[in-house]
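Notes follow once the structure below has been shown.
The values are calculated or read from the model by the stated rules, or taken from the named source; none is laboratory data. Predicted model, so just to flag it, every value in this text is computed and none were measured. Cβ placement follows ideal geometry from the backbone for every residue including glycine, while neighbour counts extend to all protein chains displayed. Protein only, heavy atoms only, side chains kept; ligands, DNA and RNA dropped before computing areas. Shrake-Rupley method; radii C 1.70, N 1.55, O 1.52, S 1.80 Å.
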Amino acid sequence: MSPTRTTLCLALASLATFAHGASARIDVIPMPAQVTESGEGFAVGAQTPIVVDAGDAQARHSAEVLASLMARTRHLDLKVQQAPATGAAIVLKRDAAAPVADVEGYALDVTTKGMVVTARDEAGLFYGAMTAWQLMTPAQGEGDVRVPAVHIRDEPRFRWRGFMLDSARHFWTTDEVRTVIDQMAQHKLNVLHWHLTDDQGWRIEIKKYPELTRIGAWRTPPGAGQNGEPQRYGGFYTQDEIRAIVAYAADRHITVVPEIDMPGHAQAAVASYPELGVTGKRPPVSVDWGVNPYLYNVDDHTIRFLEDVLDEVMALFPSTYIHVGGDEAVKDQWQASAAVQARMRELKLKDENAMQSWFIEQMGQYLAAHGRRLVGWDEVLEGGVPPSATVMSWRGTQGAISAAKLGHDVVLSPAPQLYLDHLQSDREDETTGRMPPMTLESYYGFEAVPKELDASQAKHVLGMQANLWTEHMPTMRHVEHAMFPRMDALAEAAWSPVAVRDWHGFLGRLPAQLARYRAQDIGYADSAFAANIEVDRNAAIARGEANVTLSNQAGYGALHYTTDGTTPAAASPVYAKPFMVTLPATVKAVALAADGAPLAEARQRALDLPSLRTRGTAEMVNCPGSDFGLRVQPTPDATSMKPSYVINVFDNCRMYPAAKLDGIAGIRVDAARLPRNYALAHDAKLVVAHKGGTPQGELVVRMDSCKGKTLATLPLPAGGTDRFTLKGALATQAGVHDLCLVFTSPVTGPLYGIGSATLVPAGTAP
Ligand code: TNX
């Protein structure tokens, strides 16, 4: 299929068909392989039926999904009817001779007589129906809609178009999982990798081992019962619920690949059955994010336990692929255990990596004997990978390159490029996540086939997957913010041929998609389009006026602004170049799409002396020596999205850059004390200790560097994980200096986040 987009007879067609006179917008994501616009389109109204062949239950199902989406997103009720159609209709028809690929391809033709979608297989017909829905929802609006004349021939680039949902760190109800599946289906993604077990929770009912969910599904969070934190946190899916989810996904042509993580990330299992562990002692279900030490032991009994678990897993999940994890298994417990070491010698294995390889190989053989295939994280390559294993590459792309060269199938899901737990901007109003930010554009640009692979090796690339780890996403709103619209970028990278991928074209198609999200109450992120309102603070403080620069991350849309407090709209001035405002002022700005629809919520910035002397949590930076950053909420299981604090779990220290200290006599810091619930394994030695003068510690403010002159020492309040405000005098200085704000605390002590820090002039109470 030629991946070109042709435009035939467009001038005539557009005059005849489109009131706005421009070319029709084909706002489809992911971009189809081939789109031709020609002839006239037709108007869809409540009288337009969706027509399927009698007896084709699959086609009827696709038609019903389409009808329900139209009702939900356009308030247009379309009836599903049996063929033959009379009058203009939307026809969904399976046809062995359809001019498309056998698997997952579809053709879609719009003429004055209606729309005809044909495909050879059920999945293709479903994808055609999803494209039909997008063609019928070109912008926010209700009721009848004109569909442009278009001829689409489409098929996916990759057969693994994946999304991983972590239900272990935070638990998602079955309705929430269905929301995720619905969105995947709309994006033509076809693999839901479901991370069901981890240190912090075992989430799948296993009938033979009830303690896994009686004990392993529940944890007691730090600060339980305080500040809105629950007494215990958890949940699990019953086997009936899982069967229903698997069927719901299958109806949408999504395979659910379950993950049972081993031999590490096993603490919840060991908490349930200590005899599965190495030490024989029962740990709690972990409340620490990161790399915990608990591994399964390597006894026959434990291998049998895992085979039993896999038996029940295979009975629930028809997927050929079963994921057995394999990641981040630090081998300390195996090294320290006489029993594991004896087993290693008995099996003639040279080290613990070979032991892990043996362990994974047992599972690979068991799965193969049951007609299934093992997939594991790229650590399964260490110590020799079982020949049949498929490798999911997450530590960058090297795992994929090595594995493909060895002849293994691979799925690309590298961190940080495809990690949805990374922030998507460095905006102050961003929510939780890891640093550094991974932007919409970086998602869009990800290329799944590493250039190190030759053509025959590249055939091993099954596809790509975005991973949503949920340590820092306690609510579905966090999840939606992290997923959308980056999932649009992922979908296009996974589905569309390279030749039609075009970042600017994608941005042009996105406003329609954002409207579809709004119609479905999906809390997508507008971070890529939100207006950045920037000034040189110190210059503004010195002059009493500010030179304002507006921009947004994507560099897309027309930025309109106001300085009179009103909400900016299409009639407000368009930003062309930096402009001056006299302090105090409030600047509001918004990016509008070509049709005038807002691409983001309007943002505002107050420009006055107190705000110019304040740095928010995202405006401060790490102290030298460590580039690790997380943005988190004060409690692990928060129920709202705010507040959040940037922290560095290795160093309780933040830099306030370029503080103008002339006339400054005090400082005010809004801070929070957070639990240190991070397991850092071998990196624990990197945690920096700052010795304090009092048991509860203090905030020490130093000038120029963290070894510089002390300007203030503010005692910290005694107590729990609360938020507090520190105020105090700052020794007076002149000029512009970086300030180092360091919390003294032992390496085992709590973590501190700064919400904001404000410099206070002489003569004003801090
Ligand atoms: C690494 S990716 C992990 C997960 C964490 C994630 C956080 C992988 C195979 N293991 O356990 O949730 O980092 O980004």
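Would you compute, for the Cα atoms of the stretch 644-691, the largest minus smallest coordinate along each principal axis and list the three values in descending order, in whole Å?
46, 20, 19
Towards the positive end of the charge dipole of the chain, with charges on Cβ (+1 Lys, Arg; -1 Asp, Glu), say which of Ile152, Ala519, Tyr645 has the farthest Cα.
Checking the options against the dipole of the chain, the answer is Tyr645.
Give me the log10 of I(q) over I(0) for the chain at q = 0.08 Å⁻¹, as the Debye formula computes it from C-alpha points; what are the numbers?
Per q value, in the given order, log10 I(q)/I(0) is -0.75.
What's the extension gain from Arg178 to Ala731 if we count 0.36 nm per residue and subtract their Cα-Cα distance?
On the way: separation 553, 0.36 × 553 = 199.08 nm, distance 5.75 nm.
Taking Arg178 through Ala731 to full extension adds about 193.3 nm, to one decimal.
At 20 °C and a viscosity of 1.002 mPa s, what translational diffusion coefficient does Stokes-Einstein give for the stretch 537-593, taking Rh as the Kirkwood radius over Cα pairs? Give it in µm²/s as a whole number. Present the calculation step by step, with values, prior to reporting the outcome.
Working: Rh = 12.0 Å.
Calculated translational D: 179 µm²/s.
So, with +1 on the Cβ of K and R and -1 on the Cβ of D and E, and no other charges, what is the size of the charge dipole of the stretch 3-154 about its Cα centre, to the nearest 20 debye?
Working: 12 positive and 16 negative charges, 49 e Å.
With only Lys, Arg, Asp and Glu charged at Cβ, the dipole is about 240 debye.
Determine the per residue accessible area of the chain with all protein chains present and a 1.4 angstrom probe, expressed in square angstrom.
Working: 28520 Å² over 766 residues.
Result: 37 Å² per residue.
Answer with one residue from Leu730, Pro293, Met580: the one whose Cα lies farthest towards the positive end of the charge dipole of the chain, charges on Cβ with Lys, Arg +1 and Asp, Glu -1.
Going by the Cα projections, it comes out as Leu730.
Given the Cα-Cα distance of Asp536 and Asp722 and 0.36 nm per residue of separation, how much length would full extension add, in nm? Don't skip to the end; give the middle numbers.
On the way: separation 186, 0.36 × 186 = 66.96 nm, distance 3.34 nm.
Working it through step by step, the gained length comes to 63.6 nm.
For the stretch 99-239, evaluate the Debye formula with one uniform point scatterer on each Cα (no solvent term) and list log10 I(q)/I(0) at q = 0.09, 0.12, 0.20 Å⁻¹, rounded to two decimals.
-0.47, -0.69, -1.14
Within 14 Å, Cβ to Cβ, of Phe158, how many net charges do the neighbouring residues add up to if Lys/Arg are +1 and Asp/Glu are -1?
On the way: positive: Arg157, Arg159, Arg161, Lys188, Lys459, Arg501; negative: Glu104, Asp154, Glu155, Asp409, Glu447, Glu492.
Around Phe158, the charge tally is 0.
Largest first and in whole Å, give the semi-axes of the stretch 3-154's equivalent ellipsoid, each being the square root of 5 times a Cα gyration tensor eigenvalue. Can you show the working numbers first?
Numbers: eigenvalues 101, 70, 36 Å².
That gives 22, 19, 13 Å for the three semi-axes.
What residue among Gly629, Asn677, Leu711 has its Cα farthest toward the positive end of the dipole of the stretch 614-761, where the charges are +1 on Lys, Arg and -1 on Asp, Glu, each on the Cβ?
Going by the charge dipole, the pick is Leu711.
Where the centre of each part is set by its Cα atoms, how far does the stretch 672-689 sit from the stretch 313-336, in angstrom?
Between the Cα centre of the stretch 672-689 and that of the stretch 313-336, the gap is 26 Å.
Run the helix sum for the chain: -39,500 (n - 2.57) per DSSP H stretch of 4+ residues, divided by residue count, reported at 222 nm to the nearest 500 deg cm²/dmol.
On the way: 19 runs with 188 residues, N = 766.
Helix contribution divided over all residues of the chain: -7000 deg cm²/dmol.
For Ala342 paired with Ala597, estimate the spin-label separation in nm (one decimal), with each label point 7 Å from Cα along the Cα-to-Cβ line.
Here the modelled spin labels are 6.8 nm apart.
Let me check something: with ligands and nucleic acids excluded, how do Asp683, Asp166 order by accessible area (1.4 Å probe), largest to smallest? Walk me through the numbers on the way to the answer.
Details: Asp683 75, Asp166 0 Å².
Ranked from most to least accessible, the order is Asp683, Asp166.
Using only the Cα atoms of the stretch 591-650, each taken as one equal point scatterer with no solvent, compute I(q) by the Debye sum, divide by I(0), and report log10 of the ratio at q = 0.18, 0.21, 0.26 Å⁻¹.
Log-scaled intensity ratios, in q order: -0.91, -0.97, -1.04.
For the residue pair Glu275 and Arg146, what label-to-label distance in nm results when each label sits 7 Å from Cα along the Cα-to-beta-carbon direction?
7.4 nm
Once the convex hull of the C-alpha atoms of the stretch 163-519 is built, how many Å³ does it hold per residue, rounded to a whole number? Display every interim value, and only then the final one.
Values: hull volume 51.1 nm³, N = 357.
Dividing the Cα hull volume of the stretch 163-519 by its residue count gives 143 Å³.
My understanding is that a pair violates if its Cα-Cα distance is over 25 Å; which of Lys93/Lys459; Lys93/Lys188; Lys642/Lys727 do that in this structure?
On the way: Lys93/Lys459 31 Å; Lys93/Lys188 19 Å; Lys642/Lys727 23 Å.
Result: Lys93/Lys459 exceed 25 Å.
Using a 1.4 angstrom probe on the protein heavy atoms only, could you order Asp637, Asp311, Asp536 from most to least accessible area? Kindly include the intermediate steps, with their values, before the conclusion.
On the way: Asp637 10, Asp311 60, Asp536 100 Å².
Reading off the accessible areas and sorting them downward yields Asp536, Asp311, Asp637.
Just report the Cα centroid separation between the stretch 26-42 and the stretch 108-134, whole Å.
11 Å
Of all accessible surface on the stretch 648-734 at a 1.4 Å probe, what whole percent is carbon and sulfur? Working shown, then result.
On the way: 2170 of 3970 Å².
The C+S portion of the solvent-accessible surface of the stretch 648-734 is 55 percent.
Tell me, how many Å apart are the Cα centres for the stretch 186-234 and for the stretch 467-531?
26 Å
Might you report the magnitude of the Cβ-based charge dipole of the chain about its Cα centre, with Lys and Arg at +1 and Asp and Glu at -1, to the nearest 20 debye? Intermediate results must be reported in sequence, preceding the final value.
Details: 70 positive and 84 negative charges, 261 e Å.
Here the chain has a charge dipole of around 1260 debye.
Determine the order of His170, His737 by accessible area, beginning with the largest, at a probe radius of 1.4 Å. Walk me through the numbers on the way to the answer.
On the way: His170 0, His737 35 Å².
Descending order: His737, His170.
Taking the Cβ of Thr220 as the center, what net charge do the other residues with Cβ under 13 Å away carry, scoring Lys and Arg +1 and Asp and Glu -1?
Details: positive: Arg219, Arg232; negative: Glu229, Asp288, Asp637.
Its environment carries a net charge of -1.
Determine the share of the stretch 163-519's accessible area contributed by carbon and sulfur atoms, expressed in whole percent, with a 1.4 angstrom probe.
That share works out to 52 percent.
Simple spin-label model, 7 Å along Cα-to-Cβ: Glu452 to Ala569 in nm?
With each label placed 7 Å out from Cα toward Cβ, I get 5.5 nm.
Probe 1.4 Å, all protein chains in place: accessible area of His301 in Å², nearest 10?
90 Å²
Please report the antiparallel percentage of the DSSP beta bridges confined to the chain, to the nearest 5.
Details: 84 of 136 bridges.
About 60 percent, rounded to the nearest 5.
Whenever you get a sec, compute what percent of the accessible area on the stretch 3-154 sits on carbon and sulfur atoms (1.4 Å probe).
Working: 3360 of 6130 Å².
The C+S portion of the solvent-accessible surface of the stretch 3-154 is 55 percent.
Express in Å², to the nearest 10, the accessible area of Glu142 obtained by rolling a 1.4 Å probe over the protein heavy atoms while all chains stay in place.
Near enough 130 Å² of accessible area.
Taking the highest mean first, how do the peptides 197-210, 743-756 order by number of other beta carbon atoms within 10 angstrom per residue? Walk me through the numbers on the way to the answer.
Working: 197-210: 22.9, 743-756: 19.7.
Packing order, densest peptide first, comes out as 197-210, 743-756.
Provide the gained length on full extension for the span Thr582 to Ala83, in nm with one decimal, where the gain is 0.36 nm per separating residue minus the Cα-Cα distance. Before the final figure, lay out the partial values.
Numbers: separation 499, 0.36 × 499 = 179.64 nm, distance 6.88 nm.
In short, 172.8 nm is gained.
Using only the Cα atoms of the stretch 65-177, what are the Rg and Dmax in Å?
Just the Cα atoms of the stretch 65-177 yield Rg and Dmax of 16.3, 53 Å.
With an 8 Å Cα cut-off and a minimum separation of 6 or more residues, compute the relative contact order for the chain in percent.
Values: 1851 pairs, mean separation 77.0, N = 766.
For the chain, the relative contact order is 10 percent.
Is any residue of the stretch 663-680 close enough, with backbone N under 20 Å, to a label point placed 7 angstrom from the Cα of Thr710 along the Cα-Cβ axis, and if so, which?
Once the point is set 7 Å along Cα→Cβ of Thr710, 665-669 turn out to lie under 20 Å by backbone N, inside the stretch 663-680.
Provide the solvent-accessible area of Cys706, counting protein heavy atoms only and rolling a 1.4 Å probe, rounded to the nearest 10 Å².
The accessible area comes out at roughly 50 Å².
With only Lys, Arg, Asp and Glu charged, each at its Cβ (+1 for the first two, -1 for the last two), find how big the charge dipole of the stretch 662-766 is about the Cα centre; round to the nearest 20 debye. It would help to have the intermediate numbers written out before the result.
Values: 10 positive and 7 negative charges, 46 e Å.
Roughly 220 debye, rounded to the nearest 20.
If you wrap a convex hull around the alpha carbons of the stretch 518-557, what volume per residue comes out, as a whole number of Å³?
Working: hull volume 4.0 nm³, N = 40.
Per residue, the Cα convex hull of the stretch 518-557 comes to 99 Å³.
Just to compare against my own numbers: the Cα pair-distance distribution for the stretch 614-761, 10 Å bins, whole % per bin, please.
In whole percents, the pair-distance histogram is 12, 45, 34, 9, 1.
Mind ranking 335-345, 467-477, 44-54, 155-165 by how tightly packed they are, going by the mean number of other C-beta atoms within 10 angstrom, highest first?
Values: 335-345: 14.1, 467-477: 21.4, 44-54: 18.9, 155-165: 23.4.
Top of the packing list down: 155-165, 467-477, 44-54, 335-345.
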